[in-house]
1. Among L215, L153, which is under 21 Å from T33 (Cα atoms) and out of contact with any Pro (no Cβ under 8 Å at 6 or more places or on another chain)?
2. Limited to the stretch 118-170, what total is found for residues that are open to solvent by 50 Å² or more (accessible area, probe 1.4 Å), in a loop (DSSP other than H, G, I, E, B) and within 21 Å of N189 (Cα to Cα)?
3. Looking at G28, G13 in this structure, which one is open to solvent by less than 30 Å² (accessible area, probe 1.4 Å), of a type outside the set (D, E, K, R), in contact with a Ser or Thr (Cβ under 9 Å, 6 or more places away or on another chain) and within 15 Å of ligand 3 (Cβ to nearest atom)?
4. Among E199, E212, which is over 17 Å from the mean Cα position of the chain (by Cα) and closer than 28 Å to K31 by Cα?
5. Please enumerate the residues belonging to the stretch 60-96 that are among the polar types (S, T, N, Q) and either part of a strand (DSSP E or B) or touching a strand residue (DSSP E or B) at 6+ places or on another chain (Cβ under 7 Å) (or both).
6. When you check M11 against the structure, is it more than 9 Å from ligand 1 (Cβ to nearest atom), under 21 Å from E216 (Cβ atoms) and out of contact with any His (no Cβ under 8 Å at 6 or more places or on another chain), yes or no?
7. Out of S198, S188, S223, report the one residue that is on the phi > 0 side of the Ramachandran plot and surrounded by 14 or more Cβ atoms within 10 Å (Cβ to Cβ).
8. Select from the stretch 166-182 the residues that are near ligand 2 (Cβ under 10 Å from one of its atoms) and not basic (K, R) and list them in ascending order.
Amino acid sequence: MTLPKHIAIIMDGNGRWAQLRHKPRVFGHIKGTRVAKKIITACSRKGIKNLTLYAFSTENWLRPSAEVSFLMNLLRRYLKKETENLVKENIRFSIIGDISRVPSDVKDAITKAMHATSKCTGLNLVFALSYGSRQEITEAVRTIVAKVAAGELAASEIDESTINGALSTYPTPDPDLILRTSGEMRLSNFLMWQAAYSEFFFTSTLWPDFTEADLEQALEDYSGRQRRFGAVLTNDENLHH
Ligand code: IPE
Ligand code: IPE
Ligand code: MG
């Protein structure tokens, strides 16, 4: 079975899961966090190198402030509780996104977790937090233009690798597989540049119901895909790389 080097997951459907049970939306976020924990461990044990989890989008700041602060607190508590386990599992934790908007106690928890796991060499675990692909690309353009203005870079030298290098995901390779739960079939401002040749897997399962068996199914499905990257392939050839 060909394993993706990088899986990116849009963990969606927490609110609907709770609503179906006549519970407040945050109830779904609590269960969703437990599922995330299980899936992180599963990916790590399978030997996946990179896992990006979409935890909170730039647009999610538009949600009711009570839900936003609940999510921020949940993340802070998760990091505090899990850092030791992450180290044990040799998982390196980091963040992409605009964390200047994140409350300072959450920022502290992030810094601590990143520091504690910085020497881990197993799974590279990335939380996309206050992340938006358009904002990320805008920021990259700013960085590149500043270099051009300072005379450090000629406009004619700008190529795809210049842009890659200016994105927050650098040096993580592009996601091979993007998985979204809850039946929605859209990117919602997630890794748009990086998704150019990603394989997509959509499931109607809501994130709090997502299991290791569902992950296994997505991996099997991925393994059966023929990735061409625009080229013409002969018979069994496959450009999984
Ligand atoms: C995903 O679940 C978690 C976050 C966006 C933080 P939702 O909260 O989007 O749940 P639904 O889509 O409303 O069911
Ligand atoms: C995308 O889900 C963001 C996360 C899963 C963190 P949303 O629930 O915010 O996306 P839309 O609004 O359905 O597109
Ligand atoms: Mg949603």
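The values are calculated or read from the model by the stated rules, or taken from the named source; none is laboratory data. The structure presented is a predicted model; accordingly, all values stated were derived computationally and were not measured. In this analysis, Cβ positions are derived from the backbone assuming ideal geometry, glycine residues included, and neighbour counts consider all displayed protein chains. For the accessible areas, the whole protein counts, side chains as well, though only heavy atoms, and no ligand, DNA or RNA atoms are used. Shrake-Rupley method; radii C 1.70, N 1.55, O 1.52, S 1.80 Å.
1. Going through L215, L153 in turn, the sole match is L215.
2. The qualifying residues number 2.
3. None of the other options fit; the residue is G13.
4. Residue meeting the stated conditions: E212.
5. Passing the criteria: only S94.
6. No, not satisfied.
7. S188
8. Within the stretch 166-182, T181, S182 meet the criteria.
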